[in-house]
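The values are calculated or read from the model by the stated rules, or taken from the named source; none is laboratory data. This structure is a prediction, so every number in the text was calculated from the model and none was measured. Cβ atoms come from the backbone with ideal geometry, glycine included; neighbour counts cover every protein chain shown. Areas reflect the complete protein model, heavy atoms only, side chains present, ligands, DNA and RNA absent. Shrake-Rupley method; radii C 1.70, N 1.55, O 1.52, S 1.80 Å.
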Amino acid sequence: MIDPKMFKDPAAKYRPAPFWSWNHKLVPERLVEQIRSMHEQGLGGFYMHARAGLMTEYLSKEWEKAVEACIKEGERLGMYADLYDEDCYPSGNAGGLVTKGRPEFAAQCVVLRECEPSGAGEDAGAGADADAGAGSGAGTGADADAGAGSGAGADYVSADGKSYFFEIITSPDSPRWGAPSPDTMNKAAMNHYIEITYDWYKERFGQYFGADFSNVVPSIFADEPNISTRFGRLAGSGVLAVIPWSGGFREEFINRKGYDVWGVLAGMFFDIPGYEKTRFDFYDVSFNLFLEAFTKQIYEWCAKNNLDFTCHYWEHNYPLTIMQGDVMAHYEYLQIPGIDMLFNLPDELEHEQFGFDLIVKEVSSAAIHTGKKRTMSETHGAGGWDVTFKDQKRMLDWQFALGINYVIPHLFYLSMQGDRKRDFPLSFINEPWWGEYKVLADYIGRLCYLMSEGSFVADTLVLHNFSSTYAAYSPMGDNKYLLELGEETRDLLTSLSGEQIYYNLGSENLLARHAKAENGKIAIEGMEYAFLVIPPSITITPATLSLISEFKKQGGRIVCAGRKPDLIDGEKSGELAQVLADITGTAVNGAALELKKMGAIGLRLTPLDKASQSNMRYIYAHERDIGGKRLLFICNISRYETIEFSLPVSGSVNGYNCETGEISSIPYYGDSLGVRLYPCGSVCYLIDTAAPAERLMGDMPKYSLLADYKDFAVSREQDNMLAINACTVEMDGVFVESGMATAIELKLREHEDRKALASRRQPWTFTAEERAVKKHLRARYTFYIEGNVSHLRVAAEYPDDFSVSLNGVKLSADGWFIDRDIVCYPASHAIKQGENIIELDGLYGLDTTIESVYLLGGFTVAGGGESGSSGGGSGSGSGYYILKDDAMPGLGNAAEQGHPFYCGMLSYETEVEIGIPAPGARVIAKLNGFNGAAAKVFLNGKAVAVLGWAPYEADITEFVVQGKNALRVDVYSSGQNIFGPHSKLKMPGLVSPGSFYEPDEGVFFPYGLYEGVSILTLGR
């Protein structure tokens, strides 16, 4: 049953627990300060995540002290201090320690090269020796492997009129740690990884472990472990294609499949007869080796040591066979299975991440089929600084509807120094709206609580087609059919969700282990499926064929959507063709309607107007059985469309307001409930069919307009801002470059003494000798003043390395800007009309980078023209370079009114005339034309509501006094305006470190109160 108190104020285990980026020197006092800030904003815990930029030695005594301080502070505050099992990612390296001095634990791959016309044998030897001599890390060559019994001719193949040879290559040293990547298919290597990392944490902090949130350290996170350890560094060395390999792979393959894969290895690259079976068997073996070596070993260790194992794989690029195989089968061996949900893509690109239901249904279905209660999503990464409350809610609602109930926001920076601020932002704790995040934290906690109660309702099972990706994938071709398979699968699942049909995905491995056909249904872990959908497929396994055949005999209903499979384990099967011959076939997008005709469980909604009818695909629904009552969560994932529909109901309906925590009875007419969902809106109902309904009497309440208000006094919470992103740099007295700071830094990294930084090597690995190599740097940043600037501060980084001067006047540090590593320098005394020059002077080494500087003060920003243009162009990088008289913006987009770089809050204040409302009536303040990350409404000095999504209405009834009332609306801007990128993104909504190296184009986040506020009454 649902506990109203728990719903109102969810326990910490249901609240978000972010990835906390430990990316600098770990100072316990600073760590504790950020934990307290997280606690104030309603977070339930945090993952202590070693990240690029880490200066404290990984797993050192100082690291231990930092972890201990955070665990103790988490315990004091009632928060969870969760572990992360790696230095950066992917998991399995232990910061390079797994393979240092242990070459037998290094990853391997098989590469394909083209033979020279001089002859295969001669070329093979030359190629292998040359590659080894080039320092690529070549291990066992093709000839050596052939000598192990594969047969001399097995190393070579002719195709397309050309000759090719295979070669086994050992992973080169990772530039991040200076050691090879590990072999994640090797049990001994991964056991060594467990000894280094997991045993280290157990020895020091095991007394705090507590699975299922029973103690302050409930879980440990593994990040992006995979089979293919990114041999991209081999590109350009004559390598045409790569497949994963392992030291004992050949013997394991023979033991598991009964033949030697080396003799048929050509089928892994070329579409020769029988290639489907070769590929299926190869990837089946590699998947199982990875599962047994990495996932299962860690799962068993965690189960033994009272710790929950949570992880996400490389599931966010389906279909990508080479990375982990059947990801759903891995989820059985995670106490908290999880996914990564990236970006903030617009509608037309949503199949990349948001909108690809498969990713979320994989994890939620596998959890249900293996008896797991929690499903995790690491979410919002690389969405950019301009992710709004509405964006976050939209992505989260979609995931809640598909079965997620544990949220890990990505990312919270410990420091923003240098390129740390460009590490796949946003960083929640550094956004101007961070002080209002508790509204979202409460919302997330309430839904995670509800989605953890009871059980999901569904009677449709969709077979997962991962086996087909094994058979279809070739590292040589364009994989056109494989990509079509992915698109058709996406379309199938999207159509099921858009028709509000409840379904789960069935992994063939999990079905083989746990499912059976009985009484005309497929039964697995308490679920009973009356309907089976076979998606577009090439091959299935014998166990799946047996299940389908038995289900069909018992009268089970089956739909084949798209191409029917015709292979078993990659080989032709007459039995399969016979079983599927008379099964209903339909186009991919027709399966949902076919299931509806058959009576599959789902919502049967009736749109109330034409616009809603065409947009019903944006309505996602999730239903749970909680003690015989129906919990319904329904959301609108459209950014733009308001959708109205009727929901058939019977019995009593209680509304669970996840924004406020309030529970109220919902009356309705007849046998349906009218629902209006604004863009990104959602509702949650608990329906008790055994209890009497509360009926609506009389007319529905209506809105009446009292007055519109457009005359506001506007003020800033912070000083206005300008980012100067361009500079001129001299190194050791020699001119180096003029342009964007990030571009200059990138160019300098190409120099021999900077290559360690260019490769993202961890700072803690730098030796004292490497750190001692420094050059004298002078960087100049120019801006112009053409008006009355009341006061000015300069914000810059690396105060211990660089002195800062303005127009030749040395400045002294005083305070910080947004982050403690961006230091402020009062500069009002040094400004002048016309050209002003900021100069940074100091020593430049591996621990420093060339960054933008920032101006803060009483001014507006003006300018124009191309970046670096003459005639006053200094170079802010975007053409905005002139400081003019300070003036506040009015209604409209403040970014176009002298505040394009502003990262903060604007307050809009006015007086409104309101009478005391009649009994039962409500008074509403509605924001008109609002744009921003979020807004906060005050009446008569009292906070009323934080508004992050439509309809942007605040109920101010309880705060109204007769006559004049003071109304204030605070509008929050975005970190994108000050930190960028200010260029047009190659893929909108995807912000990576590389996004910040493009030329500035004056792209800013629009924000402000555009058309004022309406005061409305709501009553009969």
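Descriptive notes on the structure:
- The chain: relative contact order in percent, alpha carbon pairs under 8 Å with at least 6 residues between: 11 percent
- Net +/- balance of residues flanking ASN479 in space, Cβ distance below 15 Å, scoring K and R +1, D and E -1: -4
- In the context of the full set of protein chains, the chain has a per residue accessible area of 35 Å² (1.4 Å probe).
- Dividing the helix sum by the residues of the chain, where each DSSP H run of 4 or more adds -39500 (n - 2.57), gives a mean residue ellipticity at 222 nm of -6500 deg cm²/dmol.
- At R0 = 41 Å, FRET efficiency that the Cβ-Cβ distance of GLU717 and ARG617 yields, to 0.05: 0.50
- Cα-based radius of gyration of region 744-823 once divided by 2.2 N^0.38 Å, which approximates compact folds: 1.41
- Dipole of the chain computed with +1 at Lys/Arg Cβ and -1 at Asp/Glu Cβ about the Cα centre; of TYR437, VAL946, ALA813, farthest Cα towards the positive end is VAL946.
- Shape annotation for region 277-331: C-alpha extents along the principal axes are 41, 22, 12 Å, from largest to smallest.
- Equivalent ellipsoid semi-axes, region 393-474, via Cα gyration tensor eigenvalues times 5, rooted, Å: 33, 24, 8
- Summary of packing: across the peptides 738-751, 849-862, the per-residue average of other C-beta atoms within 10 Å ranks them, highest first, as 849-862, 738-751.
- Region 364-407, relative contact order in percent, only Cα pairs under 8 angstrom and at least six apart counted: 60 percent
- Counting only Cα atoms, the size of region 439-494 along its three principal axes is 49, 30, 17 Å, in decreasing order.
- The dipole here belongs to the chain: it is taken about the Cα centre, uses +1 on the Cβ of Lys and Arg and -1 on the Cβ of Asp and Glu, and is about 2200 debye.
- Set of aspartates and glutamates near LYS984 by C-alpha distance (under 12 Å), chain-local residues within fewer than 8 positions excluded: GLU998, ASP1000, GLU1001
- Taking a ≥ b ≥ c as the square roots of the Cα gyration tensor eigenvalues, region 482-542 comes out oblate, since a/c reaches at least 1.5 and a/b does not exceed b/c.
- Over region 561-620, the hull volume per residue, using the convex hull of the C-alpha atoms, is 126 Å³.
- Set of aspartates and glutamates near LYS629 by C-alpha distance (under 18 Å), chain-local residues within fewer than 8 positions excluded: ASP3, GLU453, ASP459, ASP671, ASP688, GLU694
- Amide N of region 250-285 lying under 19 Å from the label point, which is placed 7 angstrom from the Cα of ASP566 along Cα→Cβ: 271-280
- Calculated on alpha-carbon atoms, Rg and Dmax of region 588-742 in Å: 25.9, 85
- Sorted on the mean count of surrounding Cβ atoms within 10 Å across their residues, most packed first, peptides 169-180, 282-293, 512-523, 65-76 read 282-293, 169-180, 65-76, 512-523.
- Averaging the sequence gap over all C-alpha pairs within less than 8 Å and six or more residues apart, then dividing by the number of residues, gives region 571-644 a relative contact order of 23 percent.
- For GLY570, the residues whose amide H sits under 5 Å from its own are ILE540, ignoring neighbours fewer than 5 places away on the same chain, with H placed 1.01 Å from N.
- For region 961-1020, the carbon plus sulfur part of the accessible surface works out to 56%, probe radius 1.4 Å.
- Heavy atoms of MET700: accessible area, 1.4 Å probe, square angstrom to 10: 100 Å²
- At least 27 Å along the helix axis (C-alpha) and Kyte average at least 1.6, DSSP helices within the chain: none
- In straight-distance terms, cross-link reach from LYS610 covers every one of the aspartates and glutamates whose alpha-carbon lies under 14 Å from its own, apart from those fewer than eight places away in the same chain; here that gives GLU641, GLU644.
- Its residues counted as N, the chain yields a C-alpha radius of gyration over 2.2 N^0.38 Å of 0.99.
- The listed peptides 598-610, 885-897, ordered by packing as a protection proxy, come out as 885-897, 598-610 (highest mean of other Cβ atoms within 10 Å first).
- Listed pairs LYS438/LYS964; LYS373/LYS552; LYS361/LYS552; LYS72/LYS296; LYS187/LYS257; LYS438/LYS936 exceeding 21 Å between Cα atoms: LYS438/LYS964; LYS373/LYS552; LYS361/LYS552; LYS72/LYS296
- Rg and Dmax [Cα atoms of region 643-687; Å; Rg one decimal, Dmax integer]: 10.7, 28
- Computed P(r) (all Cα pairs; region 153-225; 10 Å bins; percent): 14, 28, 24, 18, 8, 8, 1
- As a fraction of the 1.4 Å probe accessible area of region 529-607, surface on carbon and sulfur atoms comes out at 51 percent.
- P(r), alpha carbons of region 168-266 - 10 Å bins starting at zero, rounded %: 12, 31, 29, 19, 9, 1
- Dipole check for region 1-58: with +1 at the C-beta of Lys and Arg, -1 at the C-beta of Asp and Glu, and the Cα centre as origin, the magnitude is about 100 Debye.
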